[in-house]
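In what follows, a single structure is set out as structure tokens and then discussed.
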Amino acid sequence: MSAALQFLGLLLAAAGAFFFVAGSAGLIRFPDQLSRLHALTKADNLGLGLVALGLLPFAAGVFAALKLLVIWALVLLSGASAAQMVAERVRAAEPPA
Amino acid sequence: MTATTPAGWLLVVALVLPVAGMLLAFVLGGRAAERLALLLLGLGVGVGVAVSAAVLRMGAPIVYLPGGWAPPLGLALVADGVAAAMLLTTALVLFAVALFGRAAHATPPDQAETRAALAYWCFLLALAGSLAAAFLGGDLFNLFVALEMLTFAALSLACLEGKPSQFRSELRYLLFALIGSVLYLLGTALLYGGYGTLDFRLLAGRTRADLPTLLAAALMTAGLAAKMALFPLHLWLPPAHAGAPPAASALLSGLVVKAAFVLLLRVWIWVLPPLPAMAAAPLLAALGAAAILVGSLVALRQARLKLLVAYSTVAQIGYLFLMLPLVLSGAAETASHAWLGGLLQAGSHAFAKAAMFLAAGLIATALGHDRVTALGGAGQAVPRAVFAFGLAGLSLMGIPPSGGFTAKWLLLTSALGDGQWWWAAVILGGGLLTGGYVYRVLAGTIAAPPGDAPRPRPLPHGPQNVALGLALISVALGLLPLASFGLVQIGRPGALGALP
Amino acid sequence: MSGPVLYGLLGAALVALGLFGLVVQAAVLRKILAFNLLGGGVFLLFGVVARRTAPAGLAADPVPQAMVITGIVVAFAATALAVAMALRMYQITAAVTVSPPPDAQAGDA
Amino acid sequence: MILDWLLDGMVALLILAAALWTLAAPTPFAAVIGFVGFGLLASLAWVRLAAVDVALTEAAVGAGATGVILLQSAVRLRRGAAEVAAATPGRATTLLAGLLAGGLGLGLALAVLALPATVPGPAAEAAARSAEVGLGNLVAAVLMAYRGLDTLLESIVLVFAVLAVWAMGPDRHWGGIPGPRFARQRDGPLALLARWLPPVGIVIGIHIAWVGADAPGGKFQGGTVLAAMWVLAWGAGLVRPPSVADRRVRLVLVAGPLGFLLAGLLGAVLDGSFLAWPAALGKPLLLLVEAAMTLSVAAALALLVVGPPERRA
């Protein structure tokens, strides 16, 4: 495969890593639980998505590439559901003033 | 050395019968579990006899290689004299306890399965399988799995009654057992890193006295000592063993600690290089001596009968550690006598202590309590149980003729013969103290019941006879000539098949 | 050669931490957690050993690795049993530690 | 080389931090979260140690299944702060424990450094003879053939554990339904997840178990994924655990170990050795046993998470 594609992959993975760093920083720095949750899900969904996309050019075959995408989809599904459930509990515990 | 020997298939039978029986009993449940357990535990006695006979006939350990894979790639099942003797002891005690528990855990044809009955029969079989794995395992990691199986089976039997008071002590027992296993496992990791195998017969003679090996042995010893409740790690044992139902107490005190003992022998006699073992053995024996004295003294002061018997276990386990410096001391005759004495102590204590716990349970049921100061009337209500308690007591004290006497006499003479007279003094002192607490119980049971106490309830003979039978075996071991114990010397490094 | 030594030291540290927690922490659940940390350290040492007993051409010795898999499953079963007992004890007696009550050191069991 | 050091150092530091957090966390719940993190980071260490099979097991069983059980108990064991405070050892005992543990850690570290750099183990033979077993994954060959007895006993331990946990329940609930009851989720994220994830998860679990013969994976890892899917549906109130008296459940629980045992006996008859894989029956028998084991592992793990019977059937 072409070097350009691989370069693009590296670029995407780097961008994904940036989102993870930003998400982690948000998790530590943001003041309340809901915005921390927001930072976390951004890192999960976007960061992992970009990393998965970036790895596609390096995947050994179509099946491996498909697996990468499935991983992303599964993390999206479970991450989003978990975030929703945590948010519900937060809201139940401390109703907005 | 590493090939399946003739009669090796017997070891597979010894392991598979109880284990497969447990799986089937669990599926079938209820009445079928009871029948299957009684049948297979009865057969187990036959298998134990067959294995012992085969080892005697061969005059060498019998070996089986599952799948035909020889160590170090595969793992071996090995029955040397120790394993065969312990297997037979185990089979007899387990079958006796199964008969003892028949009445309490019967499932009548028209009734639904109950929790306690299913757990009792399944875990008796599980215990038989776990002990077989622990005695026959030739690979130190396989033995770790056996130890864990044993923990599950023993603990479930201990918790059988589901009494609120017992969970705390049994949970503490579980934690100690788990720490013990994990320290043992840590030792096996270091040994594998040093030698690339965990087969104890391959390790024998190959180990070096370097830091990883010595630390491994120390960790394994500490883990096994925690499982055996060696002083000062003994505090968990009395409440855990005394809080369990009598049948379970008999198995825990009589058999379960002996599995850890056999593993301890594997580590000390086979794996450890002789020189550091010889140097460190007196330390362990000193702890054993402390266990004998402290355990007996505390037993003397107990207010409850079952706790008294449990503290007696702490003391009797101490004797097992006395054999180490004597066996390792070098002189061939001393070593062979001490070896036999130690193993005879393990065996006769298994029978005697099982008898004692069963008898104590019957006495407590008859009286409705187990306060040592108010045992009056038990002699009339459950005479055979009291007699069994007394006979077992003789064996624990070391009064002739009994298995306990022969065991302690052998340890005593080899200690004196080797100039290590201080162990002899401990043995004599322990015997006196044991006499004290056994006398205290017997004198109480023979006395007339206090006037205001409720009349003791006479109990059927069946369970009493079981306790009596076990006590009689522990006595009968002392009537056999020493030469008949040649079995236990087979396969001991340095023994060269010599009879004592 | 960097990894194994480093993880070996980590395993040693985890064993020490786990043992310390087991002794010092009173709550049963904390003890069970410490036991699992201790187990994790022991397993890591097996992993380190597997790198050293590997012949040329293999990254690691599969035998200790298989032992760790067995060990992890057994440790899980032990944890499940310990937790079930702890929950039952809590249900019946509201106790969350296994230390004997000070007045009943040698009493009723 | 530098990059390797950096990566390993970071993983090791993170694991150490997670372990410290697990010990020192202010609440039991936070401690368990720390432990799950510890398990996930540990599986990274396993990848670095060239043990992908172990990494999968650690993530699935060590962090996942153990974590779920511990989380549940952290939620249920809420009170007792006074009792814990009273039972916590004093400064002297703590110091003594610290010295003991520190000494052991130091000794272990020195012992690890003192281990011989290369030791002739059975690995070369394990690799050379794996064709005889027909398993390309060496770890699977060790588990199913060379040390099959370990695996057999381990699968039996799981049956012991299930019965032991069931037997912890009160007498009156014997024959009843194990575990707490969860309200049925009609909508919301949990209901969505419990409907959408299991079909995918079941395929993945079977896939992991299936590829275990030749690639990292196997029955314990795949079985855990299957168990997790069922536990998810249970938590969402979509399925009810079976009664402990149900003979079919017990049959599923013992199918793996009993199948392994029977295959072993068949090996004794056909190939002259217990736990030898009969060459004549070869791969199909092995696959059958692996499938039964996967099912049994899944059932055992799920039922261990659920716990003892708590209500009538």
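The values are calculated or read from the model by the stated rules, or taken from the named source; none is laboratory data. Just so it is clear, the model here is predicted, and its values are computed rather than measured. Ideal geometry is used to build each Cβ from the backbone, glycine not excepted, and the neighbour counts take in all protein chains shown. The accessibility values were calculated without ligands, DNA or RNA, using every heavy atom of the protein model including side chains. Shrake-Rupley method; radii C 1.70, N 1.55, O 1.52, S 1.80 Å.
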Qualifying residue in segment D:58-77 (condition: at positive phi and not polar (S, T, N, Q)): no
Residue match in segment B:8-25 (condition: part of a loop (DSSP other than H, G, I, E, B), surrounded by fewer than 24 Cβ atoms within 10 Å (Cβ to Cβ) and within 14 Å of chain D (Cβ to nearest Cβ)): yes
Residue satisfying condition, being touching a Gly at 6+ places or on another chain (Cβ under 8 Å), open to solvent by 50 Å² or more (accessible area, probe 1.4 Å) and part of a helix (DSSP H, G or I), within set B:Leu92, B:Leu88: B:Leu92
Options B:Val256, B:Val294; residue that is at pLDDT 95 or above, closer than 26 Å to B:Lys163 by Cβ and among the β-branched types (Val, Ile, Thr): B:Val256
Number of the condition not met by B:Arg172 [criteria: (1) in contact (Cβ under 8 Å) with a residue 12 or more places away in the chain; (2) within 11 Å of chain C (Cβ to nearest Cβ); (3) open to solvent by less than 10 Å² (accessible area, probe 1.4 Å); (4) not hydroxyl-bearing (Ser, Thr, Tyr)]: (3)
Residues located in segment D:274-297, provided they are farther than 23 Å from D:Leu251 by Cα, in a helix (DSSP H, G or I) and open to solvent by 60 Å² or more (accessible area, probe 1.4 Å): D:Lys283
Counted residues, segment B:53-70 - those being surrounded by fewer than 24 Cβ atoms within 10 Å (Cβ to Cβ), in contact (Cβ under 8 Å) with a residue 60 or more places away in the chain and of a type outside the set (A, V, I, L, M, F, W, C): 3
Tally, over segment C:39-93, of residues that are open to solvent by 20 Å² or more (accessible area, probe 1.4 Å), within 30 Å of D:Pro180 (Cβ to Cβ) and facing chain D (nearest Cβ under 7 Å): 3
Enumerated helices (runs of 4 or more DSSP H) restricted to segment D:1-112, each holding at least 1 residues that are out of contact with any strand residue (DSSP E or B) (no Cβ under 6 Å at 6 or more places or on another chain) and surrounded by fewer than 15 Cβ atoms within 10 Å (Cβ to Cβ): D:2-24, D:28-48, D:66-76, D:81-87
Search result, residues across segment D:253-273 that are within 11 Å of chain B (Cβ to nearest Cβ), assigned to a helix (DSSP H, G or I) and open to solvent by 50 Å² or more (accessible area, probe 1.4 Å): D:Leu262, D:Leu265, D:Asp271
Test for B:Leu275: is it over 30 Å from B:Ile490 (Cβ atoms), of a type outside the set (Gly, Ala, Ser), in a helix (DSSP H, G or I) and open to solvent by 20 Å² or more (accessible area, probe 1.4 Å): no
Residue in segment B:133-141 that is within 7 Å of chain C (Cβ to nearest Cβ), open to solvent by 10 Å² or more (accessible area, probe 1.4 Å) and part of a helix (DSSP H, G or I) present: no
For C:Phe35: the one exception among (1) more than 7 Å from chain D (Cβ to nearest Cβ); (2) farther than 27 Å from D:Ala167 by Cβ; (3) open to solvent by less than 20 Å² (accessible area, probe 1.4 Å): (2)
Residues of segment D:165-208 that turn out to be small (Gly, Ala, Ser) and open to solvent by 50 Å² or more (accessible area, probe 1.4 Å), as a count: 1
Close pairs (9 angstrom Cβ cut-off, 6 or more residues apart or separate chains): farther than 16 Å from C:Asn36 by Cα in segment D:22-33, crowded, with 19+ Cβ neighbours inside 10 Å anywhere: D:Thr27/D:Ala74
Looking only at segment D:117-160, and only at residues there that are at the interface with chain B (Cβ under 7 Å from one of its Cβ atoms), farther than 30 Å from B:Leu118 by Cα and aliphatic (A, V, I, L, M), the one that is farthest from the chain's Cα centre (by Cα): D:Val119
